[in-house]
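Accompanying notes for the structure given below.
The values are calculated or read from the model by the stated rules, or taken from the named source; none is laboratory data. What you are looking at is a predicted structure, and each value in this text was computed from that prediction instead of being measured. When we count neighbours, we look across all protein chains shown, and the Cβ atoms used for this are built from the backbone with ideal geometry, even at glycine.
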Amino acid sequence: MPVGTAATVKGVFHRDLVSEVNAQIILANTYHLYLRPGMDTLTRAGGVHRFCGWDRPMLTDSGGFQVFSLSGVRKLSEEGCKFSSHIDGSKHLFTPENVIDTQRVIGADIMMAFDECPPGDAPYDYAAKSLGLTHRWLGRCFEQFAKTSPMWGHRQSLFPIVQGCAYEELRERSAQFVQQFDADGYAIGGLAVGEPAEVMYRMIEVVNAILPTGKPRYLMGVGTPVNLLEAIERGVDMFDCVMPTRNGRNGMLFTSEGVINIRNKKWENDFSPIDPQGTAFVDKVYTKAYLRHLAISGEMMAAQIASMHNIAFYTRLMAQAREKIIDGSFAEWKKEMVAKLLTKL
RNA sequence: GGGAGAAUACCAGAGUGGCCAAAUGGGGCAGACUGUAAAUCUGCUGACGUACGUCUUCGGUGGUUCGAAUCCAUCUUCUCCCA
């Protein structure tokens, strides 16, 4: 894979693996990654293209975020996280060890550490306690990682996750702590979980002032196109987010002219292409009026078209960011783009 | 020709004397969605007012009643059954 090319991760779950992997496979997700030149260093450290063996790396989450979103049917302890399946009520336990095992089985190129992701408004005491747990779990993740080997013939990386809620001091401590593992890349977690965007940006600054510049920094779960540009400006290299697909399914389109709610009546008779400057084939083939019709009619194809458009839009945005970083015009370009991206059509 | 039933807001459809500006669903209008329990969720949808509220609505007309979408009479339209 060419250095710095955005990668769309494909699910590669094999049916034969499901029984081995058990319930955990439900919680191991595939990701859309948006990479910028920071990935150069990952290439040097092992090579995105070499270290995954395919031209598109697969990244899996550990289940840490589910621990966060499951609050209510979960129980945290030093050992791990016990929770009930929402499907059949059966009990399951995630531990740093078995989560690593699972990701070995899945064969992810980039595996994530098992962490606790506290809410954005967590009080200091809770945040500090939670960070301690996340750090102890991190040690166990790397122990298990060292004890086990890849099962599928390609190298796997394990990324630690910096936590610390909205407290600079905790974030700094975590960014320091995490480096002892000399990982191929570092993730920033626990952001965009309810705190104001400005707080998130500040935390990124604090953390990125400490994390090594030579390795990819992965901002987990973020975010809006503007969030991405702000984070890139602050030194982030990788992202993943449900937004392009989920919001797409719900009728929100990110376009080169601004944000569109395709269900709004104003598009009823707009027979212009979805995004004249878009790079996905759906952008030129379908009109706004048609897409609106599909969305209003509850047609699955609306969700598909919108998702394809949004993913292409995100990918293109990241590709542009790379170009602008390389030719040194990122700052100006970003300023223009932010204004556009905030426009509601 | 004879008999039975029905007419409710954009649509469908509850309500059958006061708690009804009128359930519910659809449609319409808008909003939310950030490491995916999410093709989802929320709000508004007679008029005027931010709001307490006020006014005009339940096929037409006329009655009964303190009070009617609800009861009575009549007209109109529609549906069904029998000839």
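Using the structure shown, decide if A:ARG217 is basic (Lys, Arg), buried (at least 21 other Cβ atoms within 10 Å of the Cβ) and either closer than 24 Å to A:GLY64 by Cα or within 17 Å of the chain's Cα centre (by Cα) (or both).
On the way: basic (Lys, Arg): yes; buried (at least 21 other Cβ atoms within 10 Å of the Cβ): yes; either closer than 24 Å to A:GLY64 by Cα or within 17 Å of the chain's Cα centre (by Cα) (or both): yes.
So A:ARG217 fits the description; yes.
Is it true that A:CYS165 is outside any helix (DSSP H, G or I), among the hydrophobic types (A, V, I, L, M, F, W, C) and either within 22 Å of the chain's Cα centre (by Cα) or buried (at least 16 other Cβ atoms within 10 Å of the Cβ) (or both)? I'd like the intermediate steps shown before the answer.
Working: outside any helix (DSSP H, G or I): yes; among the hydrophobic types (A, V, I, L, M, F, W, C): yes; either within 22 Å of the chain's Cα centre (by Cα) or buried (at least 16 other Cβ atoms within 10 Å of the Cβ) (or both): yes.
For A:CYS165, the condition - outside any helix (DSSP H, G or I), among the hydrophobic types (A, V, I, L, M, F, W, C) and either within 22 Å of the chain's Cα centre (by Cα) or buried (at least 16 other Cβ atoms within 10 Å of the Cβ) (or both) - is met.
If the requirement is being out of contact with any His (no Cβ under 6 Å at 6 or more places or on another chain) and in contact (Cβ under 8 Å) with a residue 60 or more places away in the chain, which of these qualifies: A:ARG173, A:ARG155?
Details: A:ARG173 fails: in contact (Cβ under 8 Å) with a residue 60 or more places away in the chain.
Criteria check complete, one pass: A:ARG155.
List the number of the failed condition for A:SER256; all other conditions in (1) farther than 21 Å from A:ALA197 by Cα; (2) at pLDDT below 85; (3) within 26 Å of the chain's Cα centre (by Cα) hold.
Failing condition for A:SER256: (2).
Does any residue in segment A:103-118 that is farther than 24 Å from A:SER77 by Cα come within less than 6 Å, Cβ to Cβ, of a residue that is β-branched (Val, Ile, Thr) and within 13 Å of RNA strand B (Cβ to nearest atom) six or more places away or on a different chain, and which pairs are these?
A:ILE106/A:THR60; A:ALA108/A:THR60
A quick yes/no check of all residues on (1) out of contact with any helix residue (DSSP H, G or I) (no Cβ under 6 Å at 6 or more places or on another chain); (2) in contact (Cβ under 8 Å) with a residue 40 or more places away in the chain:
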{"residue": "A:VAL67", "(1), (2)": "yes, yes"}
{"residue": "A:PHE83", "(1), (2)": "yes, no"}
{"residue": "A:PHE94", "(1), (2)": "yes, yes"}
{"residue": "A:ILE100", "(1), (2)": "no, yes"}
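Could you list all residues from segment A:322-345 that are modelled with pLDDT under 85 and of a type in the set (Gly, Ala, Ser)?
Within segment A:322-345, just A:GLY328 meets the criteria.
Can you tell me how many residues in segment A:95-105 are in contact with a strand residue (DSSP E or B) (Cβ under 9 Å, 6 or more places away or on another chain) and surrounded by fewer than 24 Cβ atoms within 10 Å (Cβ to Cβ)?
2
Report yes if A:LEU42 is modelled with pLDDT under 65, part of a strand (DSSP E or B) and either in contact with an Asp or Glu (Cβ under 7 Å, 6 or more places away or on another chain) or away from RNA strand B (no atom under 14 Å from the Cβ) (or both), otherwise no.
Values: modelled with pLDDT under 65: yes; part of a strand (DSSP E or B): no; either in contact with an Asp or Glu (Cβ under 7 Å, 6 or more places away or on another chain) or away from RNA strand B (no atom under 14 Å from the Cβ) (or both): yes.
The answer is no for A:LEU42.
Out of all the residues in segment A:64-116, which are under 25 Å from A:GLY153 (Cβ atoms) and within 8 Å of RNA strand B (Cβ to nearest atom)? Before the answer, list the steps.
Of the residues in segment A:64-116, the ones under 25 Å from A:GLY153 (Cβ atoms) are A:96-114.
Scanning segment A:64-116 gives A:MET112, A:ALA113, A:PHE114.
Cβ contacts < 6 Å: first residue farther than 14 Å from A:THR134 by Cα, restricted to segment A:177-194; second residue near RNA strand B (Cβ under 7 Å from one of its atoms) and among the β-branched types (Val, Ile, Thr), any location; separation 6+ or different chain. Result?
A:ALA192/A:VAL222
Quick grid of which residues meet (1) surrounded by fewer than 22 Cβ atoms within 10 Å (Cβ to Cβ); (2) in a helix (DSSP H, G or I); (3) hydrophobic (A, V, I, L, M, F, W, C):
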{"site": "A:TRP137", "(1), (2), (3)": "no, yes, yes"}
{"site": "A:ALA146", "(1), (2), (3)": "yes, yes, yes"}
{"site": "A:SER149", "(1), (2), (3)": "yes, no, no"}
{"site": "A:GLU169", "(1), (2), (3)": "yes, yes, no"}
{"site": "A:SER174", "(1), (2), (3)": "no, yes, no"}
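Of all the strands (runs of 3 or more DSSP E) wholly in segment A:74-119, which have at least 2 residues that are at negative phi and basic (Lys, Arg)? Walk me through it before giving the result.
Details: elements: A:74-76, A:81-84, A:91-94, A:110-112.
Once the strands (runs of 3 or more DSSP E) in segment A:74-119 are filtered for at least 2 residues that are at negative phi and basic (Lys, Arg), what remains is A:74-76.
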